[in-house]
1. Just how many pairs of Lys in region 125-231 have C-alpha atoms closer than 27 Å, counting pairs that are eight or more places apart or on different chains?
2. Name the residue farthest towards the positive end of the dipole of the chain from the options F13, A65, G90, assuming +1 on Cβ of Lys and Arg, -1 on Cβ of Asp and Glu, about the Cα centre.
3. First check a/c for region 46-142, with a ≥ b ≥ c the square roots of the eigenvalues of its C-alpha gyration tensor; if it is under 1.5, answer rounded, and if not, answer prolate when a/b is larger than b/c or oblate otherwise.
4. Eight or more residues apart or on different chains, and alpha-carbon atoms under 22 Å: count the Lys pairs in region 234-378 matching that.
5. Just need the relative contact order of the chain here, percent rounded to a whole number, with Cα pairs under 8 Å and 6+ apart.
6. Going by Cα centres, region 162-182 and region 320-381 are how many Å apart?
7. State the extension gain, in nm to one decimal, for the chain segment bounded by T110 and F381, taking 0.36 nm per residue of separation less the distance between their alpha-carbons.
8. Quick check: from the Cα gyration tensor, does the chain come out rounded (a/c under 1.5), prolate or oblate?
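The values are calculated or read from the model by the stated rules, or taken from the named source; none is laboratory data. Just so you know, these numbers come straight off a predicted model, no measurement behind them. For neighbour counting, all protein chains shown are included, and Cβ atoms are generated from backbone atoms with ideal geometry for every residue, glycine included. The accessibility values were calculated without ligands, DNA or RNA, using every heavy atom of the protein model including side chains. Shrake-Rupley method; radii C 1.70, N 1.55, O 1.52, S 1.80 Å.
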Amino acid sequence: MRRMTFDDDHEAFRESCAAFLAKHVEPNLEAYLEDKGLPRDFWLAAGAEGFLGLEIPEEFGGAGAGDFRFNAVLSEEMSKLNAALASCAGIHCDIVAPYVVDLGTDEQKTRWLPGMATGEILTAIAMTEPGGGSDLAALRTTAVRDGNEWVINGSKTFITNGYSADLIVTAVRTSPDKGARGISLFGIEATDIGFSRGRKLDKVGQSESDTAELFFDNVRVGDDRLIGEKDQGFIYMMERLPQERLSCAVSNVAHAKQILAETVQYAHDRHAFKQAIGSLQHNKFLLAELVTKIEVAEAYVDAAVLAHTHGDATAIDAAKAKWWSSEIQNDVLDHCVQLHGGYGFMNEYRVARAWRDARVSKIWAGSNEIMKELIGRDLGF
Ligand SMILES: Cc1cc2nc3c(=O)[nH]c(=O)nc-3n(C[C@H](O)[C@H](O)[C@H](O)COP(=O)(O)OP(=O)(O)OC[C@H]3O[C@@H](n4cnc5c(N)ncnc54)[C@H](O)[C@@H]3O)c2cc1C
């Protein structure tokens, strides 16, 4: 079925994304894996080609695309090559940029956005803490007023791009007794005194992305670092998490769809009992099921992307897209491993890496249980 969400402009953009990735990224993927992170060269090259500024207005050096379908195309092309790439870029482009664009002061925008568009300023978002991520309203990192400054203490963990980010949008508690209504967002810069990071965390998959623990030890910042209004941070996050979840859903489907296509080819090429393994009825039916599952998931995610482009997608739509696509992704990739036999368990095979890389999609950006909690609440329970 022809996909109806994207038009010729999006498809032309897709071609330039694919060409960029083939030239600048594909030859370096092994090096990224060994280094457990993306080098600054990657970000600068992506910035120079205009891929980092889709959400950033032209006056600040971005493309000001104002059409989430371009973000989706970039995420799809990256996910087809490597899931970690899509998650690191997604955090920087789709997730952090809107906080600064929508909520930042003119001074903050001038200070941060041009460098974000070129890749000279790499960003992260720090919500999760060692004590918990699902219950965001219970976060414990504090910002306490002292004269004209805020003094920030606490720690964050599992932060994507955390090891190399220059700017970290950080959720902290500014009013101790106000629960969700006592959280604010601050732009913490890596050079701020008292800010430090732990090692790159050793993950099961997506090792090409750096993920780190961050520490705030009496970090002193002024009001000029407060993003948006004091105590409104939880609302800001709730308003922007749907775009993060849609980004995840787009990536989940594109990632699994690509590996499934490669698996179909493998099932043609690999022979057992004098026939292609795909011709064995069990495998033929299985592949038919997997292709159908991916296309049905893609249709829902495409519809959600289009709705979001027009401002019509709800937080519940995004929650459904996120949990469902991640279940399908993991289900499909597990079968793809099985269809590759022993090679499916070898790290040198893309299918094995994709299977490991996919597991986290059921956990991050709000776990699938939290997605179902949101959907259940919307049903009135
Ligand atoms: C590789 C990676 C990258 C990440 N990147 C970032 C990032 O860039 N920024 C950031 O802020 N965070 C990031 N995270 C954190 C991620 O969002 C959290 O891990 C996630 O939200 C879950 O929080 P938790 O790990 O504290 O689990 P917990 O909150 O401790 O939950 C543990 C289990 O209990 C379940 N659970 C919790 N509450 C409920 C409930 N009410 N009903 C049913 N089940 C429930 C959860 O679903 C989960 O299965 C990342 C995580 C990983 C692994």
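1. Counting lysine pairs in region 125-231 gives 5.
2. Selected residue: G90.
3. Oblate.
4. 16
5. Relative contact order of the chain: 16 percent.
6. Between the Cα centres of region 162-182 and region 320-381 lies a distance of 28 Å.
7. Contour length minus Cα-Cα distance gives 93.1 nm.
8. prolate
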